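The values are calculated or read from the model by the stated rules, or taken from the named source; none is laboratory data. Computed from a predicted model, the values in this text were never measured in an experiment. Don't worry about glycine lacking a Cβ; one is built from the backbone with ideal geometry, like all the others, and counts go over all protein chains shown. Surface accessibility is based on the protein's heavy atoms, side chains included, excluding ligands, DNA and RNA. Shrake-Rupley method; radii C 1.70, N 1.55, O 1.52, S 1.80 Å.
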Amino acid sequence: MSPLSSLRVVDAATLFAGPSAAAMLGDFGADVIKIEHPERGDPARGHGPAADGVGLWWKSLSRNKRAAAVDLSTPEGQRVLRELAARTDVLIENFRPGTLERWGLGPGELREINPRLIVARMTGFGQSGPMAHRPGFGTLAEAMSGFASSTGEPDGPPVLPPLALADGIAGLAMAYAVMLALQAREQTGRGQVIDMAIIEPIVGLLGPQVTAYRKLGVLPRRTGNRSNSNAPRNTYRTRDGRWVAVSTSAQSIAERVMRLVGRPELIGEPWFATGQGRVAHVEELDSAVARWIAERDSDEVIAAFEEAEAAIALVYDASDIVEDPQYQALRTFLDLPDEELGEVTLQNVQFRLSDTPGRIRWPGPAKGRHTDEVLGELGYDAARIAGLREAGVVA
């Protein structure tokens, strides 16, 4: 049994934040219908590496979705969305504020058709405010949230992440918001509108930066791989050229690390008893750990840390990840058949439910792969679908 198998979701969003939320709902059984423009498609199809012209990021982002290509800017396409809305639980969209309203597809109109509909609106800056109508992407959220200003080396420039970080965080938050709205609907019988700005969830993930600024007047500093909260915490190079990451967030772990690297006398210092105290002496702590690790090969370092029950991990790239026995034990990656590529490896569902686990049923499909199927469920016969296709409304 899949916990969301009775749920229908229309994913009319593009790129990463909204579509990733829809994918997470699909992982647990929701029937997700992906709506794309017949010609342009979702730009996410062209992001990242490709095999035989097929985007590989798309295969994960649109897993478990049925792909229908419909031009929502046309009256006929708008009619399709209204008919879908009548039998849909959740609509996820990320058009600029006012676009759906201009097409007669705003939440008010759609919820007149289906009062139980949940309209999840994912935009860069939300539906109101002076920046609401600007184009907004995750990169801008990573800049405006304080993430970039606190990332990088102390004497270097702000650093943006090399991935869709803010989009991914917002996608997780939207999936949670949708589940809250569904639970509320169980109590009220009514759907509602979710307004999520991509600039907000990442701010929450960065901790109490604004609270600390308003209360203490302090701003986060760029510390490279070090932490503002505890020490030692860094990446260190071993004698054989590997890199390892060490964390001492817990006091007991910090003590174990310093005993291991031959500096147990530091544990008795009054400042060692708190993370902030250790941060104030980070140079001494970091140099001790770095020197000890640099004198040993990675296998010896890992074994010694494990014996001491201290926290350490090798810094992996993708080639290391696929060989790691822990990921293999968790079945983190699956090899799945694919209509376009023959086979493709995707990350599995990110957590395991004991009684109602999620699963990946198929990778992201080709554009318009399920258009006829979806329209047929709405009562469109073959001749009508052919007419829409000839007119360029669907593909």
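Multiplying the sequence separation of GLU343 and THR211 by 0.36 nm and subtracting their Cα-Cα distance, what value in nm do you get?
42.6 nm
Can you compute the charge dipole magnitude of the chain about its Cα centre, using +1 on each Lys and Arg Cβ and -1 on each Asp and Glu Cβ, nothing else charged? Give it in debye, rounded to the nearest 20.
1180 debye
Determine, for each peptide in 62-71, 202-211, the mean count of other beta carbons within 10 angstrom over its residues, then list the peptides with the highest first.
So the peptides 62-71, 202-211, ranked by packing, come out 62-71, 202-211.
Quick one, what does Rg over Rh come out to for region 233-319 if you take C-alpha atoms and the Kirkwood Rh?
Taking Rg over the Kirkwood Rh, I get 0.96.
In the neighborhood of LEU182, defined by Cβ-to-Cβ distances under 14 Å, what is the net charge if each Lys or Arg adds +1 and each Asp or Glu adds -1?
Here the count lands on +2.
Full-extension gain between ALA308 and TRP243, please, as 0.36 nm times their residue separation minus the C-alpha to C-alpha distance.
21.5 nm is the gain from fully extending ALA308 to TRP243.
What is the distance in Å between the Cα centroid of region 103-161 and that of region 197-238?
Cα centroid of region 103-161 versus Cα centroid of region 197-238: 21 Å apart.
If amide H atoms are built 1.01 Å from N in the plane of the peptide, which residues on other chains or at least 5 residues away come under 5 Å of the amide H of ARG66?
The list, which skips near neighbours in sequence, is VAL32, ILE33, LYS34.
Please arrange GLU306, GLU390 by accessible surface area, largest first, computed with a 1.4 Å probe and ligands excluded.
Per-residue accessible area, sorted high to low, gives GLU390, GLU306.
If R₀ is 25 angstrom, what is the calculated FRET efficiency for the pair SER128 and ASP372, using the beta carbon separation as r and rounding to 0.05?
It comes out at approximately 0.05.
When Cα Rg over 2.2 N^0.38 Å is calculated directly from the model, which label among (i) 0.98; (ii) 0.92; (iii) 1.17 fits?
Recomputing Cα Rg over 2.2 N^0.38 Å here gives the entry labelled (iii).
In the chain, what percentage of the DSSP-assigned beta bridges are antiparallel, given to the nearest 5?
Within the chain, antiparallel bridges account for around 45 percent of the total.
Please give, to one decimal in nm, the separation of the simple spin-label points placed at ASP155 and GLU109, each 7 Å out from Cα toward the Cβ.
Placing both labels 7 Å along Cα→Cβ, they lie 5.9 nm apart.
Please give the per residue accessible area of the chain, computed with a probe of 1.4 Å over protein heavy atoms only, in Å².
So the chain comes to 50 Å² accessible per residue, rounded to a whole number.
What percent does the relative contact order of region 233-319 come to when contacts are Cα pairs within less than 8 Å and at least six residues apart?
Once divided by the residue count of region 233-319, the mean separation gives 44 percent.
May I ask for the angle, rounded to the nearest 10°, between helix 17-27 and the longest principal axis of the chain, with both axes built from Cα atoms and the value confined to 0 to 90°?
In the chain, helix 17-27 runs at an angle near 80 degrees to the longest axis.
Roughly speaking, to the nearest percent, how much of the chain's 1.4 Å accessible area is carbon and sulfur?
53 percent
Express the relative contact order of the chain as a whole percentage, based on alpha carbon pairs under 8 Å and six or more residues apart in sequence.
This gives 20 percent for the chain.
In terms of solvent-accessible area of protein heavy atoms at a 1.4 angstrom probe, what is the ranking of MET179, MET131, MET196, highest value first?
Solvent-accessible surface, decreasing: MET179, MET131, MET196.
Using 15 Å as the cut-off for backbone N distance, which residues of region 358-378 belong to the label zone defined by a point 7 Å from the Cα of ARG331 along Cα→Cβ?
Of the residues in region 358-378, 358-362 have backbone N under 15 Å from the label point off ARG331.
List, in order, the whole-Hz ³J(HN,Hα) value for each residue of region 48-64 obtained from phi through the Karplus relation with A = 6.51, B = -1.76, C = 1.60 and θ = phi - 60°; use x for Gly and Pro.
With the stated coefficients, region 48-64 comes to x, x, 9, 10, 6, x, 9, x, 7, 4, 4, 4, 7, 5, 10, 4, 6 Hz.
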